[in-house]
Amino acid sequence: MSDSSRSSIKQLDELTINQIAAGEVVERPAQVVKELVENSIDSGSRKIRIEIEDGGFSRISVIDDGHGIPKEELKLAIKRHATSKISSSDDLSTIVTKGFRGEALASIAAVSKLVLSSKVKDSDGFSITVDNGSIGNIELTGIPPGTKVDVLDLFQKVPARLSFQRRPSTENAAIVDIAISLALSESEVGIIVEIDGRIVLECPPCDSMEDRLYDLFGSTSSKLIPLESSEIDIQAPGEESWEGWISPPGVSRSRSDDIHILVNGRTVNSGPFLQSIKRGYHTRLMVGRHPIGVLSLNLPTTEVDVNVHPTKREVRLKNSWRVLERLERSIKYTLSKISTQPELKDLTILEGINSLEEDENELDNFIPSWAQVGNKEKVQTHFSSIRTSKNKVEEQKVKSSSNDTQQQVLPGLNPRPISQSLSSAERSLHRFSLSGISISPIDEPESGASVIPELPEMTVLSQFSNSYILAEGDEELYLIDQHALHERIRYERLRSSMVDWSPQDLIIPISISLGARELSAAKSNSDRLLELGIRFSESNDSIVIESVPDVLVGDTGLNDFIHDILIDFSSQPESRGIDTVEKLRDKVAFMKSCRGSVKANQELSLAEMRRLLIDMSTVPNPWACVHGRPTVLKLSQNHLDKHFGRHG
Ligand code: ADP
Ligand code: MG
């Protein structure tokens with residue numbers, strides 16, 4: 001800053017202070033919802049209704065049946081640092097309410113038009129309106145006992161903030177997430193979410209946590225196991241204790257969104273706990289998959305500082321290290337009591353389980369070491385490291401090829417073949433290959449496509465390590481990653497054959513039981529699903545699939561598809577880049593190609609390998625799998641001769 005014109009120090013006015021605070025407390029509509037619902041919970045409500053219009057940007061209403069705010073306190077309620085929940089800093093160490101900072105209503109009112117209406121028992125109802133900080137008069141209003149807060153035109157007068165907002169559909173999903181986490185923390189409170197006139201989440205008040213879990217996770221909830229601690233742990237020093245539910249290893253999710261952490265009943269960011277949870281599962285979870293968990297930490301209020309974050313999403317624990325270790329041990333202990341290999345018959349395809357494939361999938365995620373940057377001198381070590389550097393490779397990021405970067409090959413080899421660049425959306429779909437049954441290449445339709453003269457005629461020599469096909473052709477030795485190749489072939493076949501996306505009625509409609517998040521995603525994305533040829537009707541906690549596109553007719557992984565698509569819809573749609581129908585369709589092709597492919601560590605017959613090579617010759621870009629990883633390594637006779645000193 002220039003030093004020529006110094007401004008004098010001034011005390012900021014209240015509106016400015018509130019707008020600054022709003023930057024932290026209510027950064028987006030979902031946070032407004034969180035603050036309002038927390039207020040409703042704090043007021044002893046039994047039923048809370050959340051209504052959203054236009055992602056919350058036009059209207060957020062939260063209606064409760066709590067004890068209300070008396071007329072004479074309405075003005076105070078919207079003042080900054082005015083709260084009924086604490087009276088001095090001493091109370092900070094014994095907080096049991098969700099709120100205590102007294103700044104939510106003031107902050108929200110500074111960046112929207114807020115109408116606070118409330119009625120306490122044996123009195124009339126009154127309301128007060130605050131329009132972007134300017135406070136109106138108190139008026140008589142007819143409402144049932146409780147409180148109603150309407151937040152209109154959020155951020156409309158704060159252009160700087162507005163321009164950073166995400167799309168309404170993203171906000172809707174975030175709002176549903178908030179509602180889910182609050183519903184988990186207060187099972188006895190009923191919560192209803194209505195988005196643009198449609199009820200997308202409905203959790204009636206529950207007597208037991210099991211019922212609430214059912215409302216939120218659907219039939220999956222019956223598979224969750226209660227967290228237990230060993231006797232030694234129960235007796236260990238420290239007053240903290242963990243309880244809750246975790247999923248068995250066979251039930252997993254593609255994201256960590258379904259891990260919910262509560263600290264003394266307060267939903268907090270799960271981030272700091274994820275590592276411990278992961279360690280608790282150790283190798284029992286597939287790489288890239290996440291468990292479901294509702295984990296509740298109870299400890300004396302004096303051992304947790306809740307006043308470290310404006311949105312209270314983070315807390316500080318006095319003995320965080322001990323608390324985390326305890327969580328890890330409890331998870332280990334709980335899992336140790338269930339059999340290593342969940343019985344497949346118990347598990348539905350919906351969860352995308354494939355416990356039997358755990359090892360394959362792990363392997364699946366590695367880049368073969370020879371595809372890593374080569375060491376110019378020591379060719380041999382690269383060969384040996386194919387098998388031995390598993391752990392090392394695990395740490396390295398999957399290298400994605402692009403148009404200008406060349407794949408790394410052994411020194412001295414032709415740096416071609418090069419895989420075409422693939423979009424990040426394509427690559428992000430890798431997780432879909434982690435589940436599903438593989439289909440033998442022989443059982444697939446003949447491609448019918450003509451041979452593309454990019455490859456010589458090849459003869460299969462053998463299979464190596466049940467994962468690579470060894471073939472020769474034109475004086476060159478080919479090492480082919482069977483899974484990657486099959487994926488590519490399946491993808492190309494689908495892309496060229498998938499033309500009919502019109503819904504085909506199923507003779508027997510398929511009912512799919514969904515969790516709350518998926519259910520709400522289904523309801524609010526029915527048009528997009530229809531464009532994919534998927535039509536469904538709703539019934540309680542399930543959807544009944546009535547028609548699917550041709551390509552999905554008879555697909556045993558249909559449940560899986562629907563589930564995964566819905567999870568994607570519900571999480572940050574635009575960042576996943578699946579806005580357009582075209583992309584969605586491509587995604588279905590990807591999922592389908594990934595799922596059906598033969599896996600690593602799968603023995604293939606000679607016929608199957610031959611078929612893969614025949615199909616390979618018809619694929620336009622056989623050098624990379626759909627995720628951009630290489631499929632083939634080529635070693636020329638010339639090169640081998642050189643290596644073995646056969647050339648002068
Ligand atoms: P805090 O929740 O941190 O106290 P808020 O700004 O969110 O601060 O709310 C200010 C006060 O308004 C609360 O302390 C509470 O007394 C009152 N209040 C807000 N919402 C409600 C509600 N839904 N029901 C009853 N009282 C409410
Ligand atoms: Mg509050």
With a 1.4 Å probe and all protein chains left in place, how much of the accessible area of the stretch 124-176 comes from carbon and sulfur atoms, in whole percent? 56
Compute the Cα gyration tensor for the stretch 55-169, then decide on rounded, prolate or oblate, letting a ≥ b ≥ c be the square roots of its eigenvalues: rounded whenever a/c is under 1.5, prolate when a/b is larger than b/c in the other cases, and oblate in all that remain. oblate
Restricting attention to the stretch 182-219, which GluC sites (Glu not before Pro) occupy a DSSP loop and are surrounded by at most 13 other Cβ atoms within 10 Å? 188
Let me know the shape class of the stretch 1-87, please: from the alpha-carbon gyration tensor, a ≥ b ≥ c as square roots of the eigenvalues, rounded when a/c is under 1.5, otherwise prolate if a/b is greater than b/c, or oblate. oblate
Over the stretch 241-342, with the other protein chains present, what is the accessible area per residue in square angstrom, probe 1.4 angstrom? 41
For the full complex of protein chains and a 1.4 angstrom probe, list 260, 643 by accessible area with the highest value first. 643, 260
Filter the trypsin sites (Lys or Arg not before Pro) in the stretch 119-194 down to the DSSP loop ones having no more than 12 other Cβ atoms within 10 Å, then list what survives. 121
For the stretch 162-173, Karplus couplings with θ = phi - 60° (6.51, -1.76, 1.60), whole Hz, Gly/Pro x: 4, 5, 9, 6, 8, 6, x, 5, 5, 5, 4, 5
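Once you've got the Cα coordinates, tell me which of 34/523; 119/157; 47/318; 599/634 are over 32 Å apart.
Flagged as over cut-off: 47/318.
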Could you provide, to the nearest whole Å², the per residue accessible area of the stretch 46-154 with probe 1.4 Å? 46
In the stretch 449-528, what GluC sites (Glu not before Pro) fall in a loop by DSSP, with at most 14 other Cβ atoms inside 10 Å? 454, 457, 475
What are the aspartates and glutamates whose alpha-carbon lies under 19 Å from the alpha-carbon of residue 312, with same-chain residues fewer than 8 places away excluded? 24, 27, 35, 38, 42, 90, 91, 103, 177, 186, 257, 303
Sulfur and carbon atoms: percent of accessible area, the stretch 512-565 [1.4 Å]: 44
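The values are calculated or read from the model by the stated rules, or taken from the named source; none is laboratory data. Not measured: the values here are computed from a predicted model. Glycine gets a Cβ as well: all are built from the backbone with ideal geometry, and neighbour counts include every protein chain shown. Ligands, DNA and RNA are stripped out before the accessible areas are found, and what is left, the full protein with its side chains, is counted by its heavy atoms. Shrake-Rupley method; radii C 1.70, N 1.55, O 1.52, S 1.80 Å.
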